[in-house]
Structure formats: C-alpha cells, structure tokens
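Comments concern the structure below.
The values are calculated or read from the model by the stated rules, or taken from the named source; none is laboratory data. Since this is a predicted model, take the numbers as computed values, not measurements. Cβ placement follows ideal geometry from the backbone for every residue including glycine, while neighbour counts extend to all protein chains displayed.
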Amino acid sequence: MCGIVGYIGKEQASAIILDGLSKLEYRGYDSAGMAIFDGTKVNITKAVGRLKVLDELTHGGETMPGTVGIGHTRWATHGVPNNVNSHPHFNASETIAVVHNGIIENYIPLKNKLIRKGYQFISETDTEVIAQLLDYYYKGNPMEAITKVLHRVEGSYALGILFAEFPDEIFAVRKGSPLIVGQNNNGAFIASDVPAILKYTRNVYYVDEQEVACLKADEIKFYTVDEEEVQKEAVHIDWDANAAEKGGYEHFMLKEMYEQPKTVLDTLSPRIKGNKISIEELNMTDEELKAIKKIHIVACGSAYHTGVTGKYVIEELARVPVEVDVASEFRYRNPVLEEGGMVIVISQSGETADTLAALRESKKRGFKVLGIVNVVGSSIAREADNVMYTWAGPEISVATTKAYSAQLIALYLLAIKLAEVKETVSMTEITSLIGDLKRLPDQIELLLNNKEKIQRFANRYVGAKDIFFIGRGIDYAISLEGSLKLKEISYIHSEAYAAGELKHGTISLIEEGTLVAAVSTQKNLYQKTISNMVEVKSRGAFVLAVTNEGNYDIEKAADYVIYIPETNQYFTNSLAIIPLQLFAYYVSVGKGCDVDKPRNLAKSVTVE
Ligand code: AGP
C-alpha cells in the first residue's frame with residue numbers, strides 16, 4: 001500500500017525522501033511524487049511507474065531544492081495511476097500539500113459539500129478532499145485546521161501535511177494506517193515504516209490513533225485531536241541495518257527464504273526452557289490455558305494459511321476445537337464467540353486492516369486477543385491484549401516466506417503448550433516434539449541448499465497456464481500456501497484443493513501435461529493422496545510429489561519427487577513449504593517477473 005516519507009531539517013529533503021521511498025517500494029505502488037518547499041513556494045513533481053522515473057525526472061532530487069518536504073508512493077485505490085491522481089495533492093492555491101495512505105470513506109459527501117461551496121476538484125482521489133477541506137478550515141492556524149478535518153473524515157489515514165505559510169513545520173497524522181516519526185541531530189522524519197528512516201535515526205515514535213505530530217527541524221510535539229499536548233517516549237530500534245538490504249542476494253525473497261533457519265531458531269529458542277515450552281507473553285496461567293474451550297484464529301493470506309495448519313496441529317495435539325477465519329469474513333459475519341473462547345490474530349505487518357478490524361471486533365465483544373505479530377510496535381501489536389512476536393526481522397519481499405515460517409513455529413509452540421496443560425499428550429511425547437522442533441532449522445537449511453533440483457524443474461514450468469496443488473489435512477494447508485506463493489509472484493493461475501475434493505468438479509480442468517503438485521507428508525493420509533495422484537495422472541497430469549524421505553513407492557504415482565527430511569507429522573509444513581517457495585521463486589525469475597514487487601500487490605494491506 002502507499003508509502004509516506006517526510007523530512008524537515010538541515011539537509012536537502014528531496015534526496016532523503018527519494019531514498020526513504022525506495023525503502024518502502026516493497027509496500028507496492030504504481031506512481032510516486034514529492035512536494036518540496038523551495039524557500040518561497042511548494043513545488044510538486046509526480047511520475048507514474050517506478051520510483052526511478054521520479055528520481056530521473058528530478059535528477060535525484062536536485063531539481064527540487066529545499067529542506068522541507070513530503071513524498072509518497074501511491075497504490076491506486078480511487079482513480080487510475082496517473083499524474084493527476086498521484087500524490088501529493090494541493091489545495092487550489094497550492095499552499096497546502098498532502099500525502100495520504102488509507103481510504104477516506106466519506107469523501108463523496110465531503111466532496112459534494114465542498115463543491116457546493118465553490119471548490120473545484122481535479123483528481124478522482126479521496127485524498128484531494130483532505131487538501132481542500134484543510135483549505136476550507138485553514139484560517140492561519142494549521143493545527144486548528146488539521147483537527148477540524150480529523151473530526152470530519154471517516155475511514156483510515158496516515159497523512160503527511162505541508163503548509164507553505166508554515167515552512168518550519170510538517171505535520172503527521174494517523175488513524176488505522178501506519179505512521180512513525182523520528183529525529184536525529186539534522187532533522188525530523190515521517191515514514192510509513194522503519195526501514196525508510198533507519199539509515200538516519202534509530203529513535204522513533206509510533207504515532208497513536210488520531211494523534212497529530214508536529215515536526216520541526218529540532219523538535220517533535222504530539223497532540224490529541226483536541227489539541228492537547230501528549231508526552232511520548234521514543235522507541236529505540238535495534239534492527240540490524242543490513243536486515244532491510246539485499247545483502248548480495250538477487251532478490252529480497254531469496255534472501256528471506258535463506259533466513260528461514262535463523263527465523264525459526266529465533267522464534268523457537270526463547271520459548272523452550274529445558275524440556276518444556278514457556279510462552280511468557282501469553283500472560284496466562286496454566287489454569288487459564290487449561291480452561292480454553294475453543295480457539296478462533298483470524299488472519300489474511302499466508303497468515304491465514306498458517307492458521308489452517310494451526311487448526312490441524314492444535315486440534316490433534318491439544319484436542320481444542322479451532323475455527324479459522326479469513327479476517328475480511330470474520331469481521332462482518334457476526335461470529336459466535338462463547339465464554340471460554342480465545343481469539344488469535346496472525347499478521348506479519350501488524351497493520352492489515354481486516355485483521356485489525358477483527359481484533360477490534362473481538363475486543364468489543366469482551367474477548368481477549370492474542371496477536372502473533374512480526375512487526376514490533378505495529379497497530380495489532382499495540383492493540384492486542386497479549387503479543388507473541390515472531391522474530392523474523394524486517395520482511396521486504398511482498399511474498400512472505402520467513403514470517404510465514406515463524407508464524408508456524410508460534411502455532412506449534414502454542415499447540416504443545418496447550419497439550420501439556422490439558423495433558424492430552426505425555427511428557428515423553430512433548431520431549432520428542434521439542435526435539436523435532438529443534439531440528440527444523442538444520443533441516444530447512446538442507447532443503448535450501450539442495451535448491452538446484454527444484455530450480456531445474458521450475459524452469460520447465462515458466463510457460464505454464466494452470467498449476468494445481470493438492471493435499472489432505474496439513475498437506476492441504478501446505479498446498480494453499482504453495483499455490484498462493486506461485487500465483488502472486490509468477491502470475492500463473494493456480495488453485496489449491498483438498499485432494500479428495502478435486503474429483504467433485506475441478507478435475508475437469510486437468511489436461512495433458514497440466515502440472516499437479518501433490519503434497520503427501522501425513523502417514524494416515526498417504527495412500528489416500530496417492531490415489532488422488534493416480535486419478536489426475538491417468539487424466540494426463542504431470543505429477544510433482546512432495547513427500548517424506550523414505551516414501552520411495554510414491555515414484556510409481558509421481559513423475560518427479562521432492563523428498564523432505566523426516567520430522568514429526570505435525571511439523572511437515574515447515575519443511576514441505578521450502579521446495580514450494582523455491583519453485584514459485586524460480587518460475588517467477590524464469591518469467592522475468594518482478595519477484596519482490598509483484599503487480600497489483602502490496603506488502604501491507606492497510607485498506608479493507
Ligand atoms: C503473502 O505472500 C501475501 N503477500 C499476503 O497474503 C499476506 O500474507 C497477507 O496480506 C497478510 O499480511 P499480514 O501477515 O501482514 O497481515
């Protein structure tokens with residue numbers, strides 16, 4: 001989704017903004033722009049397409065001198081990507097410039113009202129309404145105008161605002177969309193995410209809902225929507241600065257896949273104490289955990305897929321019923337949440353609008369929410385009652401890999417902990433499960449190091465039109481993610497099916513040569529999946545099987561086999577997903593796609 005960077009200080013703003021926006025490219029965008037105050041007036045330059053177009057147009061920012069500015073990468077929602085719709089947006093007299101991430105839901109009535117008052121609009125965007133509304137309320141006091149606007153607009157927003165009459169200040173506001181501000185000795189910064197300003201400062205402030213930050217070169221002040229000053233503590237970001245760089249890899253996705261052994265280890269180790277699992281962040285006693293009667297897992301996309309795996313593992317190990325919902329459905333379906341239920345929301349970014357709304361809906365109904373979140377300080381992390389962090393570090397590639405792997409670990413840990421307190425498995429089994437978890441990092445590494453086999457195979461499918469993924473139980477959950485990974489970065493149509501369900505319709509799509517990736521790692525379902533492989537093979541499919549080391553008889557039913565190392569059957573997702581991630585990656589590379597920034601997608605989906 002859109003990215004915002006702003007700067008006020010001693011340095012040239014445009015260079016800092018371009019650099020910062022380049023660190024937010026992963027969020028997904030289709031145009032970019034900057035507004036810089038040149039000492040007399042505010043100048044805006046915009047460009048459709050990649051940020052480098054704006055960079056070239058402004059000679060790296062040189063044609064836009066000035067030490068105060070705001071910039072934006074736009075992921076189009078209202079109106080096509082063009083130079084009129086891209087941000088920043090001006091008021092008519094070009095004295096107020098605005099950049100926005102989010103959606104103003106009541107922009108049409110506001111726009112109509114402003115039109116009736118004589119305002120003219122040039123773009124199709126909801127954002128222009130903010131610039132014009134600011135103009136309407138502005139009577140020489142920016143803070144007063146901003147807070148009046150905040151009382152009128154509905155929806156989600158992170159805003160960067162620049163008033164030509166107040167060039168010693170820039171303003172940052174948010175509600176529902178992420179925004180941070182930071183400071184160093186040379187100035188102050190606004191950004192949608194930490195990587196944009198990590199190079200300049202490690203001391204950041206998370207702007208709260210409907211809070212206004214007023215940034216000057218040497219100070220930042222925060223106000224409520226009622227203009228009362230708020231005192232805030234800066235948070236020190238101790239990320240490794242290289243974590244948000246490619247570090248010699250061709251793509252962030254490849255780098256992040258290779259970081260999975262470490263991610264798994266980092267998420268696992270702090271929660272294993274001897275032969276036991278200890279998840280202090282749950283803030284729940286064993287008695288409270290034992291009393292849980294039902295779990296609701298709510299998430300989007302890949303995070304939802306980890307939830308599907310979590311359902312199988314938690315139900316099997318702890319015998320607690322689990323419902324898994326896509327957040328955009330959960331929030332509107334009036335879910336039945338009963339006494340003894342627990343809600344878990346899963347999110348890498350911690351900013352996904354639907355997941356955040358599901359969290360709020362659950363809290364409104366009096367339920368405590370556990371967030372499994374990767375980004376420290378994100379909205380979900382701050383609003384959840386308890387947070388279990390996945391220690392994956394910054395994930396830049398739009399297609400998630402390492403955060404997905406870390407989420408699986410968090411769910412396994414939770415399942416084992418619940419099984420322990422509910423005494424549904426023996427201590428000997430728990431010791432064995434922990435042993436298997438500890439072996440996962442090395443086993444993932446082994447699979448990554450054997451990437452050539454899958455790379456060669458992927459090259460054959462660069463021209464494929466349809467690819468199917470099938471599996472049963474946990475293997476179905478793996479298939480969901482394998483299929484999503486492929487389609488999001490290679491643009492090849494792909495579907496994941498519960499293997500037994502295929503024959504109820506979708507099998508009609510299988511033709512001579514159609515690739516079917518069959519995941520078969522579950523002992524009790526192994527023969528069943530083999531039958532489904534035979535069914536598609538006899539209809540012309542080419543079958544790729546992903547199975548456990550030792551299942552060599554699968555070669556009778558499959559045309560190509562990838563073996564994963566032996567692990568407990570509940571944890572096979574962590575291993576089987578690796579070749580499927582690699583497959584998607586190499587197909588995407590082979591097709592010449594933009595692996596890290598696939599078309600139409602955004603890393604952090606902050607609108608519903
Ligand atoms: C995964 O590769 C996707 N890009 C997407 O499905 C993602 O998992 C989803 O948007 C949820 O994001 P979150 O984890 O940040 O909430």
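Scan the range 118-132 for residues that are of a type in the set (A, V, I, L, M, F, W, C) and surrounded by fewer than 20 Cβ atoms within 10 Å (Cβ to Cβ) and report the count.
Residues that pass the stated criteria total 2.
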Self-check item: Candidates Ile108, Ile170, Ile115 - the one that is aliphatic (A, V, I, L, M), surrounded by fewer than 18 Cβ atoms within 10 Å (Cβ to Cβ) and at pLDDT 95 or above
Solution: Ile115
Exercise. With respect to Ile409, determine if the residue is farther than 20 Å from Ala299 by Cβ and under 28 Å from the mean Cα position of the chain (by Cα).
Key: no
Exercise. Considering (1) part of a loop (DSSP other than H, G, I, E, B); (2) over 18 Å from Ser379 (Cβ atoms); (3) of a type outside the set (Phe, Trp, Tyr), say which one Ala131 fails and leave the rest.
Key: (1)
Quiz prompt | Extreme residue, farthest from the ligand (Cβ to nearest atom), among residues of the range 443-477 that are of a type in the set (D, E, K, R) and within 23 Å of Asn600 (Cα to Cα) | solution = Lys465
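Per-residue answers, yes or no, for (1) without any contact (Cβ under 8 Å) to a residue 60 or more places away in the chain; (2) within 16 Å of the ligand (Cβ to nearest atom); (3) closer than 23 Å to Met533 by Cα; (4) assigned to a helix (DSSP H, G or I):
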{"position": "Pro394", "(1), (2), (3), (4)": "no, yes, no, no"}
{"position": "Val398", "(1), (2), (3), (4)": "no, yes, no, no"}
{"position": "Tyr404", "(1), (2), (3), (4)": "no, yes, no, yes"}
{"position": "Leu414", "(1), (2), (3), (4)": "no, no, no, yes"}
{"position": "Val425", "(1), (2), (3), (4)": "no, no, no, no"}
{"position": "Ser479", "(1), (2), (3), (4)": "yes, yes, yes, yes"}
{"position": "Leu484", "(1), (2), (3), (4)": "no, yes, yes, yes"}
Quiz item: Does Ile564 satisfy the criteria of being aliphatic (A, V, I, L, M), at pLDDT 95 or above, within 16 Å of the ligand (Cβ to nearest atom) and surrounded by 17 or more Cβ atoms within 10 Å (Cβ to Cβ)?
Solution: no
Self-check item: Matching residues, the range 299-340, being away from the ligand (no atom under 16 Å from the Cβ) and of a type in the set (Lys, Arg)
Solution: Lys311, Arg319, Arg333
Quiz item: If you go through the range 108-128 one residue at a time, do you hit one that is assigned to a helix (DSSP H, G or I), in contact (Cβ under 8 Å) with a residue 12 or more places away in the chain and closer than 14 Å to His87 by Cβ?
Solution: yes
Practice problem: Tell me, please, whether a residue that is out of contact with any Ser or Thr (no Cβ under 8 Å at 6 or more places or on another chain), surrounded by 14 or more Cβ atoms within 10 Å (Cβ to Cβ), in a loop (DSSP other than H, G, I, E, B) and modelled with pLDDT of 95 or more can be found in the range 310-318. | Solution: no
Quiz prompt | The one condition in (1) in contact with a Phe, Trp or Tyr (Cβ under 7 Å, 6 or more places away or on another chain); (2) buried (at least 22 other Cβ atoms within 10 Å of the Cβ) that Ala518 fails to fulfil | solution = (1)
Practice problem: Hey, could you check the range 586-608 for residues that are surrounded by 19 or more Cβ atoms within 10 Å (Cβ to Cβ) and of a type in the set (Gly, Ala, Ser) and say which is nearest to the ligand (Cβ to nearest atom)? | Solution: Ser604
Quiz item: Looking at (1) of a type outside the set (Val, Ile, Thr); (2) at pLDDT 95 or above; (3) part of a strand (DSSP E or B), which is the one condition that is false for Ser156?
Solution: (2)
Self-check item: Counted residues, the range 351-386 - those being of a type in the set (A, V, I, L, M, F, W, C), more than 19 Å from Arg331 (Cα to Cα) and more than 14 Å from the ligand (Cβ to nearest atom)
Solution: 0
Quiz item: From the residues in the range 486-503 that are outside any strand (DSSP E or B) and under 25 Å from Pro565 (Cβ atoms), which one is nearest to the ligand (Cβ to nearest atom)?
Solution: Leu486
Quiz prompt | Matching residues, the range 1-36, being in contact with a helix residue (DSSP H, G or I) (Cβ under 8 Å, 6 or more places away or on another chain), touching a residue at least 60 places away in the same chain (Cβ under 8 Å) and of a type in the set (A, V, I, L, M, F, W, C) | solution = Met1, Cys2, Val5, Leu21, Leu24
Quiz item: Is the range 295-303 home to any residue that is in a loop (DSSP other than H, G, I, E, B) and within 19 Å of the chain's Cα centre (by Cα)?
Solution: yes
Practice problem: Would you be able to say whether some residue in the range 227-240 is out of contact with any Lys or Arg (no Cβ under 8 Å at 6 or more places or on another chain), under 25 Å from Leu21 (Cα atoms), of a type outside the set (A, V, I, L, M) and without any contact (Cβ under 8 Å) to a residue 60 or more places away in the chain? | Solution: no
Practice problem: Scan (1) of a type in the set (Asp, Glu); (2) assigned to a loop (DSSP other than H, G, I, E, B); (3) surrounded by 15 or more Cβ atoms within 10 Å (Cβ to Cβ) for the single condition Glu227 breaks and write down its number. | Solution: (3)
